[in-house]
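Notes follow the structure.
The values are calculated or read from the model by the stated rules, or taken from the named source; none is laboratory data. Note that the structure is a prediction, hence the values are computed from the model and not measured. A quick note on method: Cβ atoms are made from the backbone with ideal geometry, for glycine too, and the neighbour counts reach across all protein chains shown.
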Ligand code: SF4
Ligand code: SF4
């Protein structure tokens with residue numbers, strides 16, 4: 001029987017698809033999920049493919065995890081598809097750089113673009129009564145969510161629920177950042193509006209090598225040796241944060257509790273790694289520890305950490321300029337400048353800079 005709220009934690013120390021698949025099979029049985037995917041089901045795999053990075057850098061879901069999932073699902077007789085909407089860059093080149101192409105060929109996985117949009121109206125949504133999502137979210141029998149374990153400058157962590165933000169088609173993402181501004185709880189509620197529409201059949205977290213510090217793209221890879229599985233994305237997020245030693249609930253987990261998605265005593269960890277919490281705890285992203293000063297511009301300018309450009313690392317590629325939701329970045333005289341009075345502290349620039357040239361912190365800079 002499937003128990004909602006149950007999350008399976010297992011140790012795995014290497015990217016070996018056979019070992020990962022063995023762990024996944026045990027986890028599916030433990031959680032009663034082994035028969036969820038039927039022969040002939042069309043199944044969409046949703047890894048984290050935020051940008052074109054080598055898998056060793058721990059920015060994207062590792063191809064061996066996708067290979068392991070494909071092995072298990074092929075045995076079930078599923079027809080496999082894979083898609084995402086990278087933060088920038090064409091999906092095809094992101095797949096190439098992230099090492100996914102050999103896996104796609106080996107298992108005849110069809111790539112599906114998230115460019116085709118579908119508009120959903122839902123009065124029950126908290127923020128986005130009208131929500132534009134990738135049509136792929138509705139075209140398959142099942143969705144398997146394959147997040148990467150990483151810290152996140154704005155949201156504290158990016159795990160299962162945050163990975164669903166990829167269902168927002170490319171150019172619509174900055175719009176939601178702009179609407180949320182630096183209000184991380186508002187942004188979390190948008191994630192749960194997406195989650196209302198797109199509920200994965202199960203979520204399998206790649207935490208073998210994840211990221212700490214300045215995640216989600218400029219942090220430091222760390223061996224967490226963790227795989228986690230659950231049908232319940234908010235429970236997985238909340239319990240993984242606890243396992244990692246988060247000092248307090250991230251905005252996403254706080255909102256999940258406020259919304260009644262995680263009633264006390266309704267969710268728990270099981271499996272070989274469940275009780276062996278991480279030592280030392282994960283190093284947080286700088287921006288994640290700030291207080292929110294909603295509506296107080298002066299306080300925000302002083303106390304909320306700001307993005308700062310490292311001029312030595314900057315290649316003047318303009319990715320940040322082109323993706324800044326508030327359009328407050330400029331390339332002037334071979335220097336990136338930021339209008340801090342209008343900057344909403346979303347840290348999209350830090351997330352998307354391909355050269356790790358943007359840091360988040362106090363003080364002047366940029
Ligand atoms: S800061 Fe990063 S994204 Fe912006 S121009 Fe420089 S290298 Fe490109
Ligand atoms: S400068 Fe960076 S943090 Fe500020 S609004 Fe633009 S993308 Fe967001």
Within segment 1-113, which strands (runs of 3 or more DSSP E) (wholly inside it) include 2 or more residues that are surrounded by fewer than 18 Cβ atoms within 10 Å (Cβ to Cβ) and touching a helix residue (DSSP H, G or I) at 6+ places or on another chain (Cβ under 8 Å)?
none
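Let's see how each residue does on (1) under 14 Å from the mean Cα position of the chain (by Cα); (2) at pLDDT 95 or above:
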residue: 140; (1), (2): no, yes
residue: 149; (1), (2): yes, yes
residue: 164; (1), (2): yes, yes
residue: 169; (1), (2): no, no
residue: 180; (1), (2): no, no
residue: 189; (1), (2): no, yes
residue: 194; (1), (2): yes, yes
The residue from 194, 143 that alone is part of a helix (DSSP H, G or I), on the phi < 0 side of the Ramachandran plot and assigned by TED's automatic domain parsing to the domain that holds residue 217 is 194
Please indicate, with yes or no, whether at least one residue in segment 177-196 is touching a residue at least 60 places away in the same chain (Cβ under 8 Å), surrounded by 22 or more Cβ atoms within 10 Å (Cβ to Cβ) and under 15 Å from residue 61 (Cβ atoms).
no
Inspect segment 120-133 for any residue being in contact with a helix residue (DSSP H, G or I) (Cβ under 7 Å, 6 or more places away or on another chain), at pLDDT 95 or above and surrounded by 21 or more Cβ atoms within 10 Å (Cβ to Cβ) and give the result as yes or no.
yes
Hey, residue 152 hits all of (1) under 20 Å from residue 353 (Cβ atoms); (2) surrounded by fewer than 20 Cβ atoms within 10 Å (Cβ to Cβ) but one; which does it fall short on?
(2)
